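Please read the structure below before turning to the comments.
The values are calculated or read from the model by the stated rules, or taken from the named source; none is laboratory data. Computed from a prediction, not measured in an experiment: that's the story for all the values here. Virtual Cβ from ideal backbone geometry, glycine too; neighbours counted across all protein chains shown.
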Amino acid sequence: MRKLFKLILLSCTLLLLAACSMNTGEAASVDEVKMDEVEQQLMASLMDQYFFYELKIKDQDIRNIYWGIDVYRKGKLVQEKPFGSTPLDKDDVQKPVKLFIARQAKDIPEAKWISTVYKASGNFGITAPDDMAKYLKDKPTGGQTGPYPLTLKKGKKKVLSHITATDKDDSYQDAPKETKKEIEALPQRYDTVFSVWIKLK
């Protein structure tokens, strides 16, 4: 009887450990897509800001991807802007999914935010008015990303990058690479911050 009890206890322990090892909470990893010098120059001539990511999905049950931009002013969230969403089928999640987000150069008439998801079942693109330009008012801007790769959890919004702006009139240099904790605190450190985020479900 004692041996049977020990066997049952051991079986339960093994099942629990197996469940824990399978349920790490990591739905996907995301990294920056590296562009060559020519591609970077082309993007810089057409876009004020741009971001290009590659997602490697580990949770095969993921069926939707959402992305957007949150606006912070003086440390306070003033606008939440869901950008778009697109479904993912079983073929999509087995291959890398790429997400491109950009803000067109302000000298382009009726400049917009544009984004495209590149996936196995077909690409999906969307545009949105640049109604957040009112927060910039031609102030100097910079950017902060990473550190990559990042881990995404199912159902949780994850900030991938920031566009930062200052109310000062002096020129603004892109912030140096900082620690993860410092990057997460950017909305409290700059006058205006656009936080680019993604979520998987």
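Some notes on this structure:
- When Ile8 is tested against (1) part of a strand (DSSP E or B); (2) modelled with pLDDT under 90; (3) out of contact with any helix residue (DSSP H, G or I) (no Cβ under 9 Å at 6 or more places or on another chain), only condition (1) is not met.
- Selection count where residues are at pLDDT below 80, among the hydroxyl-bearing types (Ser, Thr, Tyr) and surrounded by fewer than 21 Cβ atoms within 10 Å (Cβ to Cβ), scope the stretch 150-201: 4
- Members of the stretch 99-127 found to be of a type in the set (Lys, Arg) and outside any loop (DSSP other than H, G, I, E, B), listed by number: Arg103, Lys112
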